[in-house]
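Take a look at the structure below.
Nothing in this text is a laboratory measurement; each read-out follows from the coordinates by a stated rule. Small disclaimer: the values here were computed from a predicted structure and weren't measured. Don't worry about glycine lacking a Cβ; one is built from the backbone with ideal geometry, like all the others, and counts go over all protein chains shown.
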Amino acid sequence: MSQDFLLVVALDFGTSHSGFAYKYKEDLECVYRDLWDDSPKSYPKTTTHLLMSPDGNVEAWGYTAIKKLADLRSKGLAK
């Protein structure tokens with residue numbers, strides 16, 4: 001059975017970095033995100049870090065999680 005797809009999506013769940021990309025069938029170029037919140041540089045992946053609250057909710061991920069954890073540690077509030 002043949003199917004036509006208009007969009008191809010790639011997800012990379014890595015152990016240290018994760019990213020995504022997508023491409024529409026008619027477009028020549030692939031689109032990917034390379035500017036992540038709090039990232040020190042342009043890179044097609046963000047760190048695979050999660051900052052969890054004491055009750056188990058995700059507070060932040062990626063570079064933002066690293067930044068917030070550093071702030072909590074500097075204030076003696078990290079658990």
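Can you give the translational diffusion coefficient of the range 1-47 in µm²/s, computed by Stokes-Einstein from the Kirkwood radius over Cα pairs at 10 °C and 1.306 mPa s?
Estimated via Stokes-Einstein, D reaches 131 µm²/s.
Protection proxy ranking for 12-20, 58-66, using the average of other Cβ atoms within 10 Å per residue and placing the highest first: 58-66, 12-20. For the chain, the relative contact order works out to 20 percent when only alpha carbon pairs closer than 8 Å and six or more residues apart are counted.
Expressed as an acute angle from 0 to 90° and rounded to the nearest 10, what is the orientation of the C-alpha long axis of helix 63-74 relative to the principal long axis of the chain? Roughly 0 degrees, rounded to the nearest 10. In whole angstrom, how far apart do the alpha carbon centroids of the range 1-40 and the range 54-79 sit? Centre-to-centre (Cα) distance: 28 Å. For residue 25, the lysines whose Cα comes closer than 25 Å to its Cα, not counting residues fewer than 8 places off in the same chain, are 45. For a straight C-alpha distance cut-off of 19 angstrom, the lysines reachable from residue 79 (same-chain residues fewer than eight places away being disregarded) are 67, 68.
Normalised by the number of residues in the range 1-47, the average gap of Cα pairs under 8 Å and 6 or more apart makes the relative contact order 30 percent. Given a cut-off of 20 Å, what percent of all Cα-Cα pairs of the chain lie beyond it? Counting pairs separated by more than 20 Å, the tail of P(r) holds 48 percent.
Between residue 70 and residue 9, what's the calculated FRET efficiency when r is the beta-carbon distance and R0 is 22 Å? Round to 0.05. Walk me through the numbers before you get to the answer.
On the way: r = 33 Å, r/R0 = 1.48.
The calculated FRET efficiency here is 0.10.
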